[in-house]
1. From B:111, B:45, which residue is surrounded by fewer than 22 Cβ atoms within 10 Å (Cβ to Cβ) and facing chain A (nearest Cβ under 7 Å)?
2. Need at least 1 residues that are more than 14 Å from chain A (Cβ to nearest Cβ) and closer than 30 Å to residue B:316 by Cβ per element, so show me which strands (runs of 3 or more DSSP E) inside the stretch B:179-287 make the cut, counting only ones lying wholly within it.
3. Based on what the data block shows, is residue A:75 under 16 Å from the mean Cα position of the chain (by Cα) and surrounded by fewer than 24 Cβ atoms within 10 Å (Cβ to Cβ)?
4. Take residue A:134 and tell me if it is within 13 Å of chain B (Cβ to nearest Cβ) and crowded, with 19+ Cβ neighbours inside 10 Å.
5. Those residues that are more than 9 Å from chain A (Cβ to nearest Cβ), under 21 Å from residue A:78 (Cα atoms) and in a loop (DSSP other than H, G, I, E, B), I need them from the stretch B:15-42; list them, please.
6. Give the number of residues within the stretch A:41-52 that are touching a strand residue (DSSP E or B) at 6+ places or on another chain (Cβ under 8 Å) and either over 13 Å from residue B:83 (Cα atoms) or surrounded by fewer than 22 Cβ atoms within 10 Å (Cβ to Cβ) (or both).
7. Select from the stretch B:339-373 the residues that are more than 30 Å from residue B:420 (Cβ to Cβ) and in contact with a strand residue (DSSP E or B) (Cβ under 8 Å, 6 or more places away or on another chain) and list them in ascending order.
8. So which residues in the stretch B:58-73 are surrounded by 24 or more Cβ atoms within 10 Å (Cβ to Cβ) and touching a strand residue (DSSP E or B) at 6+ places or on another chain (Cβ under 8 Å), if there are any at all?
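The values are calculated or read from the model by the stated rules, or taken from the named source; none is laboratory data. Just so you know, these numbers come straight off a predicted model, no measurement behind them. Glycine gets a Cβ as well: all are built from the backbone with ideal geometry, and neighbour counts include every protein chain shown.
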């Protein structure tokens, strides 16, 4: 990693698909490290990310996904494929909002709709454990493509995790090898006293005073900026910034051509996790 | 001939050819999807109507009781999720229909409605859904079910599931049915009235389902007579329920083997489908997967024993007792390819003649090209079909290459519009 520009993850606001697509291209050109695609937009964030993999070639593509919309196997598989398709730039922002609507069947599988908050927290942890088990089901180097023996995959390096948690079960293994990152980079919000998801790579805090507490859980902490404030970056002890609530258009331009203009001079690439958490991650540079 | 043929290409997001001729030298590169994005661009340029991405979610253990044989034959695994790839293909193409396979047994219905609507929006009205119900218990166990429902129950459930999905494409859903209970604000509206619905029902329940819902049917009845009977069966079902049989197109799966001469093509075919290669392993693993019978238990150089029994598909076991009676599993499977509707082999002109004759006899409506699953397809094969065979079909008036002009979007219209000639 080169340069001393701060890490920047941009949380796209819900917008039309055409405008979201243009935003991703502009953020990529501007050197932003990753974009978080909203889960409540017209288009599913994993698919919008897939759509942009060929045109936005450096930026991390993070899908905001709630555990409550699909079984963990389907989320693990889709995010793993996004990592392969983006050559190691896939991320998952854990959406912790309450479930909307209801969907169930006669199978007796657990549903979140009538659960109290404590149960939702436990179920979320179980969901993450299931995805983690699935992403771990293939060892590195499982693909051998050995013409002499006719083996494409070394079956000894693929394991059945058979996750059976209190809320979710998934036998596995995944039916594809892990993407370049091994598992997608996991991002979440942090608030003191609230539950922190296991295995999280990046935490976002809304208050500078919470940076130290967040650091007890993960290496990379970002301070949320944006909203109604002017386009400027406060000094911080965090590793960078999470730009939120900035609409696409003149507002986003004010940020990209203002305090973030220098990012484009030192473009970063590579695997998303390395970019956000790797050794030598640049310190944030306060801007007056 | 009436309407020109509809041509689709069925492909798996799996390893490309890696241990056969013209493999390209990058055995693991398929994972980033670039081969398939390039392929979709090539199909788009050639005027092929749609690409259909297959899906399944298991590593089978049917043959030999573990994953070893599957990972040599790569019939079903490794395989990535076709949906994010479909989105990348939507970005890279202008006109090509993009059909994704999704199972009614595995996805929650409102989730599936949203994902299909997303692909329809990203492709500007070019999405299609290949409706499958899955059959593997291992797939059920991935999503927290113990086992899948029996065949006819899966179809009964699929009818209700389709009610929910198609409602969600129109607006809010408040569904309290026999199998599903869904309250949802609905998915975003698709660009098309609804994505093109595809189905591959071969059984009676499957044909009833397809006749009720499908815009496009993909099928593998073997031989012209069976092809015609199948299409007539679908069309009469639609007519009986008061529909217009022309609203549904029936396509037949084929794997043309092409050479510059008929002799070259025949020699190539003999090499491809030879028990001197791994063809036998592929075929026996595939058969074990379909039937859920462990064929490794039988001596491959002998007939299947008369007294053999199974918890899997008894009818398939009985068929192979009959087929191998005076030979062996290896002989019967090792020297043949996968089941296709027509045995197409020869120069492009010869194969185009075969396709033309079959369509005249059957009445329509087109073909689904296939050269897979895992470990088979090469860029060379694509070129042979698209630059060799397709121009021959075009010169016979069987296929119309779209005229480009007026900008890609203005010229393309929706996938549904093109299928129905609207």
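1. On the way: B:45 fails: facing chain A (nearest Cβ under 7 Å).
Just one listed residue meets the conditions, B:111.
2. Values: elements: B:180-184, B:196-199, B:216-219, B:249-254.
Correct list: B:196-199, B:216-219, B:249-254.
3. yes
4. Judged against the criteria, residue A:134 is a match.
5. Within the stretch B:15-42, B:16 is the sole residue that qualifies.
6. Total meeting the criteria: 1.
7. Result: B:345, B:346, B:347.
8. B:59, B:71
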